[in-house]
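A quick write-up on the structure given underneath.
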Amino acid sequence: MENVCIIGAGWSGLASCQVLHERGIAFDCYEAGSEVGGNWRYGNDNGMSSGYRSLHINTSRKLSEYRAYPMPADYPDYPDHARIARYLDDYVDHFGFRDAISFRTLVTHVEPAEGGGWDVTSRQRDTGEETTRRYGSVLVANGHHWDPRDPEPAFPGADTFTGTQTHSHHYRTPEEYAGKRVLVLGFGNSASDIAVETSAVSERTFLSVRSGGYVFPKYMFGKPGDDMISPFITRVMPRETQRWVMAALLRMSIGKVTDFGLPKPTAKLFNSHPTVSETLLPRLGHGGITVKPNIERFDGGTVHFTDGSSEEIDAVVYSTGYKVSFPFLDASVMAPTDNDVSLFHRVADPHHDGLYFVGLFQPLGATTVLAEAQSHWIADLLQGRAALPPKEAMLREITRYKEKLAKRYVTSKRHTMQVDHYPYLAELRGARREGARLARRALRKGLAPVAPPEEVTVRIAASPETVWDLVSDVTRMGDWSPECRRCAWRGEERGVGARFTGHNRRGRVRWVTSNTVEEWERGRAFAFHTTTNGVRWGYRMEPDGAGGTLLTERWDVTGQNTGQRKRTASFAKMMLGGYENHTEELRQGIHTTLERVKAAAELQERQAPVELRQGARAAAPVDVETAA
Ligand SMILES: NC(=O)C1=CN([C@@H]2O[C@H](COP(=O)(O)OP(=O)(O)OC[C@H]3O[C@@H](n4cnc5c(N)ncnc54)[C@H](OP(=O)(O)O)[C@@H]3O)[C@@H](O)[C@H]2O)C=CC1
């Protein structure tokens, strides 16, 4: 059974896939589209990409490549969407985790499971089949530039407008604006790119700007502009000095934005999300684009602006940004209002164990590298190499972050999750160090460590169906396991979701567990979740190529929440001779279980009428391998 779920195979989700794959953590990734790449897949059939035909990345290749996988050396400084999508495909195939991604599968619901973990429901787009699987942890990487935010509230008279009104999310190419009078609203990167494009074909293009800001060129002194910022500079140079130096460089290289008819920036440099464009200022200079203030109201085909001027307009493109939304999470779990989310170091939900968010930030820098760093921290947490601090400490960090944000940035729905590239990387390194310290302290206090899942495989000279019939009959579990005395089904149900009770004994200590079946596929898999302590047990059968079966038993504690870990550790300490000791007994118990299943299955196969045997041949006498 896969224990970690990743939602989304855009470049943030892929960073998590790669890191978890590299660290040996099993996961399932769900992707609504047929291909990886999210926004960078032009015309993505997941229906969520905002990418337009001319889209080029606005951070440089060097800054934007994953640390684990460089972009091809022959790529230009600022690759277009097609090259980025190809790079993402190569990344997946280079590391070999494509099989872990379920394409055309939309996650429809994620909810906390009884006893810990998360129930994830997904729908296969072709068959409509819905599946619910339980995971110890969920990594949400569904992106935050796909759910368009129209002006809120709508401008007065917008419903009387006789032209077209479109959000930039739906903009693809400029052709439909040929010969028209176009109004682009906003001053972010979408507005800037779209206004430049439509201005080449339209009769007139107007750019309506509510808040003035700086425009950063893609190149400075012949080099990509982000080459100017290095970890060294951000460490040694106070932000005020960086600001002063960059303002001077901008002034020298491109002049003041007001010289191009744009309004004066409403915030200091670096205190609002930057608009990056090599072409906007020249288009303004050529008179191809006319700057207007905000819209005041619509009236038929006329748009009135806040300075009292008005223009006849045929088409409006609202480039007014995006909503942060998680359609699969109930409002009781996470409901961001006005893009406001509360996450410890922008990753961990302090209110829900095992719920992490990847790429949910607005970087002054590159998403890839930051998502990669976030994923390494999450992997530490999943493997028990790091722990989170108490909830109160996480909430304090979030408050401090929001206070800093409020001091620095203009209050706006687009400035709720800003991070600076190198300082945020340093922050994540700090979170990992602190997490490791907390994990060591928990160990010293006798808390159960979260070990990576253990798997043991045995070769059995019997068919996968014979083996499955034995291990999935929980009433026989007492025959195999040294610790389990007996198990009994609760109710008539068999299959995923069926429940059973386990009765265990070690010496004079007896205890009872509740279990729910999570995988039930004859001849392939049987797995269950012990809801009492968050441990997951699974059996996987694979043909061994000689008519027999490779049976793998898996023991997975990574889905335990903190409460379950504490209870497990103290129960083991008080009643079972200590956590480490008991864990070792369980490990040995897996070998014993597999030996006993093997003996029973081979006996059954030998005794079965010849015609019922499925070609099982003699297997190696005792052939047990430990894989973890
Ligand atoms: N090439 C690339 O790599 C590209 C990257 N992007 C990225 O995608 C993200 C989204 O960018 P974008 O789509 O431009 O959205 P943004 O949120 O960055 O910008 C939205 C703009 O719309 C304005 N706005 C919002 N609501 C209103 C309103 N009711 N009336 C008037 N103005 C309004 C905002 O003004 P205010 O500031 O006052 O709120 C702001 O100027 C950003 O991270 C951007 O960098 C986008 C395009 C290309």
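The values are calculated or read from the model by the stated rules, or taken from the named source; none is laboratory data. Because the structure is a prediction, the values reported are computed rather than measured. Here Cβ is always computed from backbone atoms with ideal geometry, including for glycine, and neighbour counts include all displayed protein chains. Just so you know, the surface numbers come from the protein's heavy atoms only, side chains and all, with ligands and any DNA or RNA stripped out. Shrake-Rupley method; radii C 1.70, N 1.55, O 1.52, S 1.80 Å.
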Practice item. Scan segment 291-315 residue by residue and report those that are closer than 17 Å to SER202 by Cβ, in a loop (DSSP other than H, G, I, E, B) and in contact with an Asp or Glu (Cβ under 9 Å, 6 or more places away or on another chain). Key: GLY301, ASP314
Exercise for review: Considering (1) open to solvent by 20 Å² or more (accessible area, probe 1.4 Å); (2) at pLDDT 95 or above, say which one VAL110 fails and leave the rest.
Suggested key: (1)
Revision key, fill the gap. Within segment 299-315, residues open to solvent by less than 10 Å² (accessible area, probe 1.4 Å) and within 40 Å of the chain's Cα centre (by Cα) come out as ALA315
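Residue-wise test of (1) modelled with pLDDT of 95 or more; (2) small (Gly, Ala, Ser); (3) crowded, with 18+ Cβ neighbours inside 10 Å.
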| position | (1), (2), (3) |
| --- | --- |
| ILE57 | yes, no, yes |
| SER60 | yes, yes, yes |
| ASP74 | yes, no, no |
| TYR78 | yes, no, yes |
| ALA82 | yes, yes, no |
| ALA85 | yes, yes, yes |
| HIS94 | yes, no, no |
| PHE97 | yes, no, yes |
**Study point:** Checklist (1) farther than 30 Å from GLY300 by Cβ; (2) surrounded by 20 or more Cβ atoms within 10 Å (Cβ to Cβ) applied to ASP227, failing item
**Key:** (2)
Practice item. Any residue in segment 486-506 that's on the phi > 0 side of the Ramachandran plot: show its pairings with residues that are assigned to a loop (DSSP other than H, G, I, E, B) and open to solvent by less than 50 Å² (accessible area, probe 1.4 Å) at Cβ separation under 8 Å, as long as the two are six or more apart or on different chains. Key: GLY491/ALA498
Exercise for review: Name the one entry in HIS421, HIS415 that is within 23 Å of ASP380 (Cα to Cα), within 16 Å of the ligand (Cβ to nearest atom) and either over 21 Å from the mean Cα position of the chain (by Cα) or not aromatic (Phe, Trp, Tyr) (or both).
Suggested key: HIS421
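For (1) out of contact with any strand residue (DSSP E or B) (no Cβ under 8 Å at 6 or more places or on another chain); (2) open to solvent by 50 Å² or more (accessible area, probe 1.4 Å); (3) more than 22 Å from THR558 (Cα to Cα), each residue gets a yes or a no:
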{"position": "GLY497", "(1), (2), (3)": "no, no, no"}
{"position": "ARG510", "(1), (2), (3)": "no, yes, yes"}
{"position": "GLU518", "(1), (2), (3)": "no, no, no"}
{"position": "ALA525", "(1), (2), (3)": "no, no, no"}
{"position": "THR532", "(1), (2), (3)": "no, yes, no"}
Practice item. Please state which of the following conditions SER211 fails to meet, knowing it meets all the rest: (1) over 21 Å from TYR322 (Cα atoms); (2) in contact (Cβ under 8 Å) with a residue 40 or more places away in the chain; (3) hydroxyl-bearing (Ser, Thr, Tyr). Key: (1)
Review point. Residues in segment 529-565 that are in a loop (DSSP other than H, G, I, E, B), farther than 24 Å from GLY497 by Cβ, touching a residue at least 12 places away in the same chain (Cβ under 8 Å) and not charged (D, E, K, R): how many?
Key: 3
Exercise for review: Go through segment 316-330 and give me each residue that's in a loop (DSSP other than H, G, I, E, B), open to solvent by 20 Å² or more (accessible area, probe 1.4 Å) and near the ligand (Cβ under 10 Å from one of its atoms).
Suggested key: THR320, GLY321
Practice item. Hey, could you check segment 366-401 for residues that are touching a residue at least 12 places away in the same chain (Cβ under 8 Å) and over 28 Å from GLN18 (Cβ atoms) and say which is least open to solvent (accessible area, probe 1.4 Å)? Key: LEU395
Review point. Can you name the number of the only condition in (1) in a loop (DSSP other than H, G, I, E, B); (2) within 28 Å of GLY33 (Cβ to Cβ) that PHE187 fails?
Key: (2)
Study note, to complete from the structure: The lone condition ASN271 fails out of (1) within 16 Å of the ligand (Cβ to nearest atom); (2) open to solvent by 30 Å² or more (accessible area, probe 1.4 Å) is (2)
Check your understanding: Can you tell me which of ARG204, ARG172 is more than 34 Å from the chain's Cα centre (by Cα), basic (Lys, Arg) and more than 10 Å from the ligand (Cβ to nearest atom)?
Key -> ARG204
Check your understanding: Is there any pair with a first residue in segment 46-71 that is touching a residue at least 24 places away in the same chain (Cβ under 8 Å) and assigned to a loop (DSSP other than H, G, I, E, B) and a second that is more than 15 Å from the ligand (Cβ to nearest atom) and of a type in the set (Asp, Glu) whose Cβ atoms are under 6 Å apart and which are 6 or more apart or on different chains, and what are they?
Key -> ARG67/GLU372
Practice item. Starting from residues that are in a strand (DSSP E or B) and open to solvent by less than 50 Å² (accessible area, probe 1.4 Å), keep the ones in segment 125-158 and report whichever is farthest from ASN3 (Cα to Cα). Key: PRO148
Revision key, fill the gap. Checked SER192, SER199 against criteria (crowded, with 20+ Cβ neighbours inside 10 Å and either within 13 Å of the ligand (Cβ to nearest atom) or within 36 Å of the chain's Cα centre (by Cα) (or both)); the one match is SER192
Practice item. Could you tell me whether any residue of segment 13-36 is open to solvent by 30 Å² or more (accessible area, probe 1.4 Å), within 27 Å of ASP193 (Cα to Cα) and in a loop (DSSP other than H, G, I, E, B)? Key: yes
**Study point:** One residue from GLY43, GLY116 being open to solvent by 30 Å² or more (accessible area, probe 1.4 Å), assigned to a loop (DSSP other than H, G, I, E, B) and on the phi > 0 side of the Ramachandran plot
**Key:** GLY43
Check your understanding: Looking at (1) open to solvent by 10 Å² or more (accessible area, probe 1.4 Å); (2) not in a helix (DSSP H, G or I), can you tell me which one THR568 breaks?
Key -> (2)
